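Participant: Got a structure here, written out as structure tokens. Questions coming.
The values are calculated or read from the model by the stated rules, or taken from the named source; none is laboratory data. Since the model is a prediction, treat every value here as computed from it, not as a measurement. As a convention, Cβ positions derive from the backbone with ideal geometry for all residues, glycine included, and neighbour counts pool all protein chains shown. Ligands, DNA and RNA are stripped out before the accessible areas are found, and what is left, the full protein with its side chains, is counted by its heavy atoms. Shrake-Rupley method; radii C 1.70, N 1.55, O 1.52, S 1.80 Å.
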Amino acid sequence: MSKTPKPEQPKKDKHGKGLKRRDDPPPLRELLRIPVGKPVDLTAYDADGKPGGPADKAAGAAATSALGPALAGLQERLYAASTAGDRRRLLLVLQGMDTSGKGGTVKHVIGHFNPSGCRIHAFKAPTPEEKAHPFLWRISKALPQPGEIGIFDRSHYEDVLIGRVRELAPADEIEERYAEIDRFERSLADDGVTVVKVFLHVSYEEQRTRLLERLDNPEKHWKFNPGDIEERALWPAYQEAYEIALERCASERAPWFLVPADRKWYRNWAISTLLLEHLAELDPQYPRGDFDVAECRRRLLAQ
């Protein structure tokens, strides 16, 4: 009787890591990455799409949950490595129109991590003190420290989005800010910050649906602002402002990722996956102890 053949084992490189197979799907960041140096047309992207994602909501929720242990483990390794002088950290920048899910993303993403190793900041309208400083001043104060994961709910991009649409600054000053942002993000990369910039792409129709849900549910009235209707009326201007920012402020070291956001479950899975891919590439390692393990063990057992 012939023996049942053993299943083929995945091939590994000299470091013990699995080698990519020809039929493996491309990393999600390749699918969602906005091309650098090319004009951006948001109408060409499907806000209801699910590129590279699970088949449906149930599968998406299960897949997102399954990412949790790996994300938590990588976060712990990142933090542990910082205790030995590793300056690397990760910054997730979330931008998108109202109702695109920035707050919801923070809620679901933070669930994977130890909150003590995260630094979360939601940027509101600048205070009088912040207005007295250059626009990147308040951003610099909120950056993650080595070993931390930072999450920005809105960011320095508000200063070229609202600033442009609402004409809050002279046109030549807005133009200069694009270059300032680019230099700032390059300096972050040079200092060990992995910048993951995500544009949550929600459709005009879905935004209306979500705003109506807030109006129809008294428990969500706190999330609604009549000014949201005025901002919605400026949709074309905001789309143009985003297209300009996504094109001008994308670089190889700090690219933009466009995540379709009409499906909340896909949004959560996609951002969790993007974080996992970036953290796995960093591959932080636990530092070696600078003490005699055997001697410490002997002393403990002797007590």
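Participant: Ser272: over 22 Å from Lys107 (Cβ atoms) and in a helix (DSSP H, G or I), yes or no?
Facilitator: No; evaluated as a whole, the condition is false for this residue.
Participant: Count, please, the residues in segment 138-163 that happen to be among the hydrophobic types (A, V, I, L, M, F, W, C), touching a helix residue (DSSP H, G or I) at 6+ places or on another chain (Cβ under 7 Å) and closer than 24 Å to Arg88 by Cβ.
Facilitator: Residues in segment 138-163 being among the hydrophobic types (A, V, I, L, M, F, W, C), touching a helix residue (DSSP H, G or I) at 6+ places or on another chain (Cβ under 7 Å) and closer than 24 Å to Arg88 by Cβ: 2 in total.
Participant: Condition first: at pLDDT 95 or above, surrounded by fewer than 16 Cβ atoms within 10 Å (Cβ to Cβ) and at positive phi. Can you find one or more residues in segment 78-94 that meet it?
Facilitator: yes
Participant: Quick one: which residue in Lys50, Lys124, Lys57 is within 27 Å of Glu185 (Cβ to Cβ) and of a type in the set (Lys, Arg)?
Facilitator: Lys124
Participant: Restricting to segment 120-137, what's the tally of residues that are within 20 Å of Ile181 (Cβ to Cβ) and either under 18 Å from the mean Cα position of the chain (by Cα) or assigned to a strand (DSSP E or B) (or both)?
Facilitator: Number of matching residues: 3.
Participant: Give the number of residues within segment 175-193 that are open to solvent by 60 Å² or more (accessible area, probe 1.4 Å) and either small (Gly, Ala, Ser) or in contact with a Pro (Cβ under 7 Å, 6 or more places away or on another chain) (or both).
Facilitator: Of the residues in segment 175-193, 0 are open to solvent by 60 Å² or more (accessible area, probe 1.4 Å) and either small (Gly, Ala, Ser) or in contact with a Pro (Cβ under 7 Å, 6 or more places away or on another chain) (or both).
Participant: Taking segment 1-35 as the search range and keeping residues that are modelled with pLDDT of 95 or more and in a loop (DSSP other than H, G, I, E, B), which one is nearest to Ala237 (Cα to Cα)?
Facilitator: Ile34
Participant: Hey, does segment 194-211 have a residue that's out of contact with any His (no Cβ under 8 Å at 6 or more places or on another chain), surrounded by fewer than 18 Cβ atoms within 10 Å (Cβ to Cβ) and among the aliphatic types (A, V, I, L, M)?
Facilitator: For segment 194-211, residues out of contact with any His (no Cβ under 8 Å at 6 or more places or on another chain), surrounded by fewer than 18 Cβ atoms within 10 Å (Cβ to Cβ) and among the aliphatic types (A, V, I, L, M): absent.
Participant: From the list His112, His108, which residue is under 13 Å from the mean Cα position of the chain (by Cα) and closer than 26 Å to Asp262 by Cβ?
Facilitator: Exactly one of His112, His108 is under 13 Å from the mean Cα position of the chain (by Cα) and closer than 26 Å to Asp262 by Cβ, namely His108.
Participant: Failed condition for Val259, given (1) over 30 Å from Arg210 (Cβ atoms); (2) outside any helix (DSSP H, G or I), with all others met?
Facilitator: Against the list (1) over 30 Å from Arg210 (Cβ atoms); (2) outside any helix (DSSP H, G or I), Val259 comes up short only on (1).
Participant: Let me ask you something else. Give me the residue from segment 104-158 that is free of Cβ contacts under 8 Å to residues at least 60 places away in the same chain and hydroxyl-bearing (Ser, Thr, Tyr) and, out of that set, surrounded by the fewest Cβ atoms within 10 Å (Cβ to Cβ).
Facilitator: Step by step, filter segment 104-158, then rank; the result is Ser116.
Participant: Same structure again: If we scan segment 38-50, do we find a residue that is under 29 Å from Pro284 (Cβ atoms), open to solvent by less than 60 Å² (accessible area, probe 1.4 Å) and either outside any helix (DSSP H, G or I) or modelled with pLDDT under 95 (or both)?
Facilitator: no
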